[in-house]
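K.L.:
Let me give you the structure first, and then I'll get to my questions.
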Amino acid sequence: MISSTTSSRSILVFFSFFLLYILIIANLYVIQIVKGSYYAQLGEKQYHIKVTTNAIRGDILDRNGKPLAINSQSWSAFILPNKVTQKVPLTNFLKTHFPDAYKKISKKQHSSFMYIKRKLTPAEIELIETHNLPDIKILQEPNRYYPNPSAATLVGVTDVDNAGVLGIEFTYNDHLAGKPSQYLLERDARSGRFYFSRETHEQGLQGKSLMLTIDSDLQFLVQEELVETLELLAAKSAAAIVLDPASGEIIALNTAPSFDPEDRIHLNTQATKNIVIQDAYELGSVIKVFAAMAALEEGVVTPDELIDCRNSATAVIEGGE
């Protein structure tokens, strides 16, 4: 015979398992019905990612097709602060060699990404490779190269994100930069590098090149003359513009002092000003040049003739005003 104690235990076990199944069913109901849409979206985020690919920036060329601004590649160093494995060696390295990054890392310990420095110099790349710290990663990024520094104030420069901030680069940034493309990728749920499908979410446009009327060789020669004249006269600034008299096209447009477009860290903002088109001058002083040229052309005066204005509003030349 089954004792009452055994029967009570069986009933207790039965109800325990019954309650357990009820809890499991209730939990499944909450997951699949009540919060079904939430978990579906969470799953979508795990399996699907959106990747943005920037378009190749267009070149800036002179009238003969010689490059004034072209694309190149630069290297940047970064870390994943929330996944650092060797904190002490990394901190000591940054403190010694990259103090700016060292100041930031304490505030971004829980961040998923942080740049150490962008556009590394060859010496900095060698330094990072020599120390071989596993937490420091290096990636390649698009950059801009300017073969003719004499056109710096005209062509301008781009920032660290390769967007125009000065000159032609800024004025025609949308034309040069194009439009980035966006892709939807389906990947494994563990965030690996296994992509099962790729779908174009938004098709971008490639950047378009610009051809200027500038002659890069003449631009260089005019800049050399400006620098020499600046030193000779101990002037603060100088500018020159060369036009094609037949078409009116600008063949050279220079200002001095200028700046080195490859050294954007120590950029002197005052030297980036294109005084030829940005500064204003009294029309009276400008027109005097044309009046003098007309007088010479008509033979009214000679290049050696002195005209004494006597610090007055009128001057007498050969008996007539």
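Readers should treat all values here as calculations from the given coordinates under stated rules, not as data from a laboratory. None of these values were measured; they are calculated from a predicted model. Glycine gets a Cβ as well: all are built from the backbone with ideal geometry, and neighbour counts include every protein chain shown.
K.L.:
Note down the nm distance, to one decimal, between modelled labels 7 Å out along Cα→Cβ at Ser209 and at Asn82.
P.N.:
Here the answer is 4.4 nm between the modelled labels.
K.L.:
If I stretch the segment between Ile275 and Glu298 completely, what's the gain in nm (0.36 nm per residue apart, minus their alpha carbon distance), one decimal?
P.N.:
Extra length available between Ile275 and Glu298 comes to 5.0 nm.
K.L.:
Between Val289 and Lys179, how many nm apart are label points set 7 Å from Cα along the C-beta direction?
P.N.:
With each label point 7 Å from Cα toward Cβ, the separation is 4.3 nm.
K.L.:
Name the long-range amide H neighbours of Ser74: under 5 Å, sequence gap of 5 or more, or other chain; modelled H, no Pro or chain starts.
P.N.:
Glu141, Asn143
K.L.:
How long is the gain from Val30 to Asp263 if the chain were fully straight, where each residue apart is worth 0.36 nm and the alpha carbon distance is subtracted?
P.N.:
Details: separation 233, 0.36 × 233 = 83.88 nm, distance 5.97 nm.
Computed gain between Val30 and Asp263 is 77.9 nm.
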